[in-house]
Amino acid sequence: MADGTGLQRFAVPLHPMRRMLITHAKALVGTHPAGVERIAGRAMADLPLIADAWLLIEDGRIAALGSMSELPATIDPKGVTIIDASGCYVLPGWCDPHTHTVFAAPREEEFVDKIKGLSYQEIADKGGGILNSARKLRAMDEEELYQGSRKRLEEMMHQGTVAVEIKSGYGLSLDSELKMLRVAQRLKASLPLQIRTTLLAAHALPPEYKEDRGSYIDLICDTLIPQVAAEGLADFVDVFCETNYFTVAEMERVLEAGALHGLPGKVHVNQFTSIGGIQSAVKHGALSVDHLEVMEEADLDALAGSSTIPTLLPSCSFFLRIPYGPARQLMDRDLPVALATDHNPGSTPSGNMNLVLSLACIQLRMLPEEAITAMTLNSAAAMGVQNELGSISVGKRASLIITRPVPSLAYLPYAFGNDHIQTVIIDGTTVRS
Ligand code: NIG
Ligand code: FE
């Protein structure tokens, strides 16, 4: 990629404030050729990089890059912010394609109940779980919800996340689902990171519909989806397709209504039980199927050859002490695995993708290169931003992580729990240094 185009770009007069030159990087990581949108199977381990490299940012985009031996000697240093990245890796910022990060309050009391031995279902039966979050969210005003969610997103940016998918699903009524999505839109407008939003009204059955589930699905399909689509409040639809939550038939109704209004599916399936959700989501052209902790052979078979991206959430498995998703089996079937945090107050009170990287290597047995592919390019694809983010390619958004000096790429997941990030840049602006 150290080609003539890169060298020519230096000759063009540029606005001084909008240029940044990173030099002497130990390596630029994930330098995929333009047009590569996702990587499947064994190829996930072939993470392209350029050692001892430079990278130029102009107007928030990656303008040029190459190896130091080819850095032109004639760069006009005036107005260029130069970052010496000696000993440091430059990576594409993390893309987190599955979160519930707009929520009202944490639920650490349930965490303590879990330590005492209560199951996810027992906690839900006690009035905890998703309905607990829904009660709190319905009572909270929009401004407070915005401020709390903003703090969490700022922390995620600090940890290297440059794109986030945010779901509704703690409103569970027309007004409160819309409130959540409006807050997410406000976050999108006010923070530099890329945000995509998902309508997850089918997250749990609201108590007022206990005797009439059909009417709640009607509300989602006939009112919420059309309104959300008309107002541009969401990019995707989601359903918690699970025993005791929503059936496959109910998910199909939501996916069909979403498709009618141009909202593809990104669905929760196979977290606790295998009930045919994957087969149906694939048939309905879902962009991603997420969780996949409980997988049967037929579930894996259904994914083979499809364009639906399996998205694994190892920090949810860690927190709930449930099985981990079958990353190796998915990759053996030549599928493009993506990784996400699932940040939410119930099953994953962490939005830290660096922890996901360590858990992916330690618990999913992904190689560091495979896991990095899964949380950059593949996770960008799982939220539809692969043409903008997910790799270090000329023309993409300059949303990057510069690590501290580290001995190797494998050191990042290996030395787990430590902070290896020195600088985070989003669209060419430093958000952490
Ligand atoms: O993805 N599984 C469904 N939803 C969330 C948990 C939500 C909650 O407990 O508040 C998840 O893990
Ligand atoms: Fe989730």
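Some observations on this one:
- Just one of the listed residues (201, 189) is assigned by TED's automatic domain parsing to the domain that holds residue 255 and either at pLDDT below 95 or within 16 Å of ligand 1 (Cβ to nearest atom) (or both), and it is 201.
- Failed condition for residue 419, given (1) assigned by TED's automatic domain parsing to the domain that holds residue 36; (2) in contact with a helix residue (DSSP H, G or I) (Cβ under 8 Å, 6 or more places away or on another chain); (3) of a type outside the set (Val, Ile, Thr); (4) over 30 Å from residue 63 (Cβ atoms): (4)
- Search result, residues across the range 117-135 that are at pLDDT 95 or above and more than 11 Å from ligand 1 (Cβ to nearest atom): 135
- Residue match in the range 248-268 (condition: within 16 Å of ligand 2 (Cβ to nearest atom), part of a helix (DSSP H, G or I) and not small (Gly, Ala, Ser)): yes
- Segments classed as helices (runs of 4 or more DSSP H), wholly inside the range 324-428, with at least 1 members that are more than 16 Å from ligand 2 (Cβ to nearest atom) and without any contact (Cβ under 8 Å) to a residue 60 or more places away in the chain: 327-332, 353-362, 368-374, 411-414
- Within the range 204-217, being crowded, with 19+ Cβ neighbours inside 10 Å and either in a strand (DSSP E or B) or more than 16 Å from ligand 1 (Cβ to nearest atom) (or both) holds for 216, 217.
- Residue in the range 218-240 that is assigned to a helix (DSSP H, G or I), touching a residue at least 24 places away in the same chain (Cβ under 8 Å), more than 16 Å from ligand 2 (Cβ to nearest atom) and under 21 Å from the mean Cα position of the chain (by Cα) present: no
- Members of the range 50-88 found to be modelled with pLDDT under 90, in contact with a strand residue (DSSP E or B) (Cβ under 8 Å, 6 or more places away or on another chain) and surrounded by fewer than 16 Cβ atoms within 10 Å (Cβ to Cβ), listed by number: 79
- Residues that are surrounded by 22 or more Cβ atoms within 10 Å (Cβ to Cβ), away from ligand 1 (no atom under 16 Å from the Cβ) and not small (Gly, Ala, Ser), drawn from the range 160-178: 161, 162
- Selection from the range 258-269 of residues that are buried (at least 24 other Cβ atoms within 10 Å of the Cβ) and closer than 20 Å to residue 339 by Cβ: 265, 266, 267, 268, 269
- Residues of the range 123-142 classified as within 12 Å of residue 204 (Cβ to Cβ), over 25 Å from the mean Cα position of the chain (by Cα) and among the hydrophobic types (A, V, I, L, M, F, W, C), total: 1
- Meets criteria (surrounded by fewer than 24 Cβ atoms within 10 Å (Cβ to Cβ), at pLDDT below 95 and of a type in the set (A, V, I, L, M, F, W, C)) for residue 320: yes
- A Cβ distance below 8 Å, combined with a sequence gap of six or more or placement on separate chains, defines the contacts here; from the range 274-287, residues that are outside the structural domain of residue 236 (by TED's automatic domain parsing) and of a type in the set (Asp, Glu) reach no residue that is in a loop (DSSP other than H, G, I, E, B) and surrounded by 18 or more Cβ atoms within 10 Å (Cβ to Cβ).
- The range 290-319, subset under 12 Å from residue 268 (Cβ atoms) and charged (D, E, K, R), residue farthest from ligand 1 (Cβ to nearest atom): 293
- Residue 313 vs. criteria touching a residue at least 60 places away in the same chain (Cβ under 8 Å) and touching a Ser or Thr at 6+ places or on another chain (Cβ under 8 Å): yes
- Test: residue in the range 68-87 that is under 28 Å from residue 290 (Cβ atoms) and not in a helix (DSSP H, G or I): no
The values are calculated or read from the model by the stated rules, or taken from the named source; none is laboratory data. A quick note: this is a predicted structure, and the numbers were derived from the prediction, not measured. All Cβ positions, even for glycine, are placed from backbone atoms using ideal geometry, and neighbour counts span all protein chains on display.
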